[in-house]
Each structure stands twice: as structure tokens, then as C-alpha cells.
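Notes follow the structure.
The values are calculated or read from the model by the stated rules, or taken from the named source; none is laboratory data. Since the structure is predicted, the reported quantities are computational estimates derived from the model, not experimental observations. The accessibility values were calculated without ligands, DNA or RNA, using every heavy atom of the protein model including side chains. Shrake-Rupley method; radii C 1.70, N 1.55, O 1.52, S 1.80 Å.
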Amino acid sequence: MAAPPAERADAYSQEILVADLAALVEQLGLAPAHLVGLSLGGNVVLNLALRRPDLCRSIVVAGTGRKETL
């Protein structure tokens, strides 16, 4: 039996979250939209802007962290 979506490790992958946001913007007829994201939401907004610039009029992101290099 498959685990419920919230219990699966990939339930909150960037691909799924970006696809969900794209579908929401399209379904509500908001495109192009002004999008704001904080933390994980900021990463989702950034990825949406990269993948679907047609849906974004502007973006504001905060607290998205940084990638550490070793």
C-alpha cells in the first residue's frame, strides 16, 4: 500500500511544488502574476520564474538560503 502523499519523501519536491503553483496561477487566470515567496516558497517562485516566465510579471523572494560549497 502506498503511503499518503504527505508521508512520502518526495511529496514536497521542487518539481511538484512548482507544477502546483503553475497550475494555480493558470487556473485562477492570474498570469502574468506578481509572486512573492519566503524560504521554501522563495525557491518555488524562483524555479517557476525560470521554468515558466510567461506566468510571472515580477518576483520577490526572501530567506531562500544559500548553497554552501565544500
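Calculated accessible area for the chain comes out at 74 Å² per residue, all protein chains present (probe 1.4 Å; ligands, DNA, RNA ignored). Per-residue ellipticity at 222 nm, computed for the chain from helices alone with -39500 (n - 2.57) per DSSP H run of at least four residues, works out to -12000 deg cm²/dmol.
Counting 0.36 nm for each residue step from SER39 to THR64 and taking away their Cα separation leaves a gain of 8.6 nm. Using θ = phi - 60° in the Karplus curve 6.51 cos²θ - 1.76 cosθ + 1.60, the 3J(HN,Hα) couplings for the stretch 47-55 round to 5, 5, 4, 6, 8, 9, x, 5, 8 Hz; x is entered for Gly and Pro. Backbone amide hydrogens, once placed in the peptide plane, bring THR64 within less than 5 Å of SER39, excluding anything fewer than 5 places away on its chain.
Under 5 Å from the amide H of VAL36 lie the amide H atoms of VAL60, each residue being 5 or more positions distant or on a separate chain, with H modelled from the backbone and absent for Pro and chain starts.
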